[in-house]
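Here the structure is laid out as structure tokens; the discussion comes afterwards.
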Amino acid sequence: MKIFFTYSHEKFLNSYLVVNEKLKEALLIDPLKLGMETISIIERHKLNLTYILFTHGDKALQKEGILTTAKVYTHVSVIRSDYQLSAENSELYEKTNFQLLNSGDGKITLAGFDVEYFAVSGLTPGAHLFKIENAVFCGDAMIAGRIGETANIYASQNLYKTLHTKLCTLEKELILFPSRGAPSSLAVELIYNHDLKVMPNRHKSPFTVEGLNM
């Protein structure tokens, strides 16, 4: 398995191209507007882009990724947790092959990979973690050193419970690929991520600046 990383300077988000080198097939995880960088990787390595996966349930971001990718790679299939498609661009959506994930957690074979998926509570509906070999694509659920931002304290507690029951119980050697920031490892997060150690008891605004004890 080989993983290529692309970054959107406009959205400040990561996308990942996951390649099965034996089959020359690839998955695109959390695509935004398809750029020449991703296209050049696919064409240079003569890859067959077979599937799109989303770790999040943001319909606007999904729409952008689907529409721009499907215009270039018309045979690509989109793996989604539901069929709540926008009425806009319905003609293109009708030409796109959608496959529905079973509710909850499960396993599916894509591009020759056994992909394990885990439903995430506390984020947008439809959010998932995807485990492929020694990598976990965790989306907004966790970034290096902290867990994801949520709408309220109840969502934060649900996310905390989800991470403890579904992620922290996996192999410690796993590499974590978030939607924001740099990769990390599960072993490192279990040691240094304070958010994983204490159940949230109040909601943190992303704009709150807390003082330091000196």
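The values are calculated or read from the model by the stated rules, or taken from the named source; none is laboratory data. Fair warning: this is a prediction, and the values are worked out from it, not measured in the lab. All Cβ positions, glycine included, derive from the backbone under ideal geometry; neighbour counts span all protein chains shown. Please note that ligands, DNA and RNA were not included when accessible areas were found on the heavy atoms of the full protein model with its side chains. Shrake-Rupley method; radii C 1.70, N 1.55, O 1.52, S 1.80 Å.
Within segment 116-133, if we keep just the residues that are under 18 Å from Asn14 (Cβ atoms) and in contact with a strand residue (DSSP E or B) (Cβ under 8 Å, 6 or more places away or on another chain), the residue that is most open to solvent (accessible area, probe 1.4 Å) turns out to be Leu123. Restricted to segment 40-73, and to residues there that are part of a loop (DSSP other than H, G, I, E, B) and over 15 Å from Asn14 (Cβ atoms), the residue that is most open to solvent (accessible area, probe 1.4 Å) is Lys46. Give segment 74-84 a look and list any residue that's open to solvent by less than 60 Å² (accessible area, probe 1.4 Å) and modelled with pLDDT under 85, or say none. If the condition is that a residue be open to solvent by less than 60 Å² (accessible area, probe 1.4 Å) and modelled with pLDDT under 85, then Arg80, Ser81, Asp82 are the ones that fit. Scanning segment 93-128 for residues that are hydrophobic (A, V, I, L, M, F, W, C) and more than 11 Å from Ile29 (Cβ to Cβ) gives Phe98, Leu100, Leu101, Ile108, Ala111, Phe113, Phe118, Ala119, Val120, Leu123, Ala127. Please work out if Glu37 is open to solvent by 20 Å² or more (accessible area, probe 1.4 Å), over 14 Å from the mean Cα position of the chain (by Cα) and under 24 Å from Gly181 (Cβ atoms). Yes, satisfied.
Screening segment 16-53 for residues that are modelled with pLDDT of 95 or more and touching a Lys or Arg at 6+ places or on another chain (Cβ under 7 Å) and picking the one that is nearest to Ile108 (Cα to Cα) gives Val19. Taken together, the residues in segment 88-126 that are at pLDDT 85 or above and basic (Lys, Arg) amount to 1.
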